[in-house]
Amino acid sequence: MTTTAAEPESGSIWQTLREAVRGTSADFTKVAIGRAVLLLAIPMVLEMLMESVFAVADVFFVGRLGLTDAVATVGITESLMTVVYAVAIGLSVGAAATVARRIGEGDTDGAAKAAVQSIAIGLAVGAVVGAAGILFAPSLLRLMGSDEAVVATGSRFARVMIGASGGVTLLFLINSVFRGAGDAAIAMRVLWIANAINITLGPCLIFGIGPFPRLGVTGAAIGTSIGRWTGVLIQVYCLTRKDGRICIRWPHLRLDPPVMRGILSISGTATFQNFIGTASYMGLIRIISGFGSAAVAGNTIGIRIILFALLPSYGVSNAAVTLVGQNLGAGRPDRAEASAWKAGLYNTVCLTAIGTIFLLFAPPLVSAFTRNGEVASHAIHCLRIVSAGFLFYGCGMVLTAAFNGAGDTRTPTLINLFSLWLLEIPLAWLLAYPLGFGPTGAFIALSVGFSVLAFISAWIFRQGRWKTLRV
């Protein structure tokens, strides 16, 4: 069903939901803005929810081993993986912005070329990071403040997770190509399948169910990696189908240095932008690790639950990337701006509701992940304090993504640098140690950093300089 500008925005929400999940042929430069946001955001939210389940499923099943060191292993390794996520998301920004701009211009061949160049970059980065993880996993765990018990328990887990991280890079990157083109439903289905494999295979390998060996915490890493790489194979197949918005053919399969440089010019700054954010989380973990494994495990559980809220919200933010990019490509900057504000409103309402649930029901949520009283106490404080910043961060996430969709990765990079490094990390250390708040001080600083980021993003976005950039 192809939609047009005359299509009413209200319509049937159930019709919109079905169309979003099944896939739509709507022109996102013409369809009513509210409907466009929903058609893109619904599958993107479901996609990001599936991605968040990867991390939560691991800590959930590993928690059933009853070993604090095993849970801490997952948390510390995941904090190392945030560097991989930063690179993957940064590359994804360049791919999504370039593909969306080409689709908005009606240049489908240009979009396919951009997809191929993005995948080539992802393969190269994945190979380098994977080799480093295999060789240096124990040293990386020690660098993050792990004691020798955690290193002994988690070295193989870390080697598998980081060594197979090329699957993370390609999974994020190729899904961003689909999203930039407007094929959000395909990206969603890929994550569903990958996560179904993870949830099914993970506990079998952790606990040795049926014919599978009992591998403990390492089994979680193997199940997750197999799920992700299966998703990548499905993505490659979908990119060659003739009925997609992007269809890669043999003429597209060659390196194109000008296109690659264009993607890297966006992705380089975006990668640094995301590295600032994810490295700030590593800094928080380093501060919290000074209070012992229970504090780290509690933070791990709290943050993983929060990711159920934040990662789906990245789905709404990714809708803004596509809408801003395609509408700028079609020469409609005012519609691009209106789309970002609409997506920001939806995200704020959603995150505020979820944050309220976390504030009220933190103890029963945490109890599903641990029976250790000390770990649970830290997790509850993390969940309640960090979720208090959701009221502001919902809009901030979308506006940051909108800058990136326009190809302006420099502005959100500077905002992240100020809010997360110049403010959040020093504040976390000050509250945690000199002022005696302990791990709670780090949680307070995280919430403050989120909120400040949102206010600065809104102020700069209204000035509109992002509308004039060429991609």
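Odds and ends about this structure:
- Residues of the stretch 406-426 satisfying the condition of being out of contact with any Phe, Trp or Tyr (no Cβ under 7 Å at 6 or more places or on another chain), touching a residue at least 24 places away in the same chain (Cβ under 8 Å) and farther than 19 Å from Asn327 by Cβ: Arg410, Ile415, Asn416, Leu417, Phe418, Ser419, Leu420, Trp421, Leu423, Glu424, Ile425
- Phe392 meets each of the listed conditions (1) farther than 25 Å from Phe291 by Cα; (2) touching a residue at least 60 places away in the same chain (Cβ under 8 Å); (3) more than 19 Å from the chain's Cα centre (by Cα) apart from (3).
- Scan of the stretch 111-167 for residues that are closer than 17 Å to Ala220 by Cα and of a type in the set (Val, Ile, Thr), ordered by number: Ile134, Val150, Val151, Thr153, Val160, Ile162
- Restricting the stretch 208-237 to residues that are of a type in the set (Phe, Trp, Tyr) and either without any contact (Cβ under 8 Å) to a residue 40 or more places away in the chain or in contact with a Leu (Cβ under 6 Å, 6 or more places away or on another chain) (or both), the residue that is farthest from Ala114 (Cα to Cα): Phe212
- Subset of the stretch 54-85 that is surrounded by fewer than 24 Cβ atoms within 10 Å (Cβ to Cβ) and of a type in the set (D, E, K, R) - its residue that is nearest to Thr230 (Cα to Cα): Glu78
- Answer residue from the stretch 113-171, given it is among the aliphatic types (A, V, I, L, M) and not in a helix (DSSP H, G or I) and is farthest from the chain's Cα centre (by Cα) among those: Met144
- Filter pass, Ser139 being of a type in the set (Ser, Thr, Tyr), over 30 Å from Pro251 (Cα atoms) and free of Cβ contacts under 8 Å to residues at least 40 places away in the same chain: yes
- Some residue of the stretch 86-104 being part of a helix (DSSP H, G or I) and surrounded by fewer than 21 Cβ atoms within 10 Å (Cβ to Cβ): no
- If the condition is being surrounded by 17 or more Cβ atoms within 10 Å (Cβ to Cβ) and over 24 Å from Gly329 (Cα atoms), then the stretch 16-31 contributes Thr16, Glu19.
- Any pair with Cβ under 6 angstrom, 6 or more apart, that starts in the stretch 329-351 at a residue that is at negative phi and among the β-branched types (Val, Ile, Thr) and ends at one that is at pLDDT 95 or above and crowded, with 18+ Cβ neighbours inside 10 Å: none
- In this structure, Phe403 does not satisfy being surrounded by 18 or more Cβ atoms within 10 Å (Cβ to Cβ), outside any helix (DSSP H, G or I) and either touching a strand residue (DSSP E or B) at 6+ places or on another chain (Cβ under 8 Å) or touching a residue at least 12 places away in the same chain (Cβ under 8 Å) (or both).
- Here the stretch 246-262 is the region considered, the condition is being more than 13 Å from Ala111 (Cα to Cα) and among the basic types (Lys, Arg), and the residue that is nearest to the chain's Cα centre (by Cα) is Arg261.
- Close pairs (9 angstrom Cβ cut-off, 6 or more residues apart or separate chains): farther than 10 Å from Gly23 by Cα in the stretch 180-195, of a type in the set (D, E, K, R) and not in a helix (DSSP H, G or I) anywhere: Ala181/Arg245
- In the stretch 350-379, the residues that are buried (at least 21 other Cβ atoms within 10 Å of the Cβ) and more than 30 Å from Glu337 (Cβ to Cβ): Phe358, Ala362, Val366, Phe369, Thr370, Val375, Ala376, His378, Ala379
The values are calculated or read from the model by the stated rules, or taken from the named source; none is laboratory data. As the structure is a prediction and not an experimental result, all values here were calculated from the model. Cβ coordinates were reconstructed from backbone atoms using ideal geometry, including for glycine residues, and neighbour counts include every protein chain displayed.
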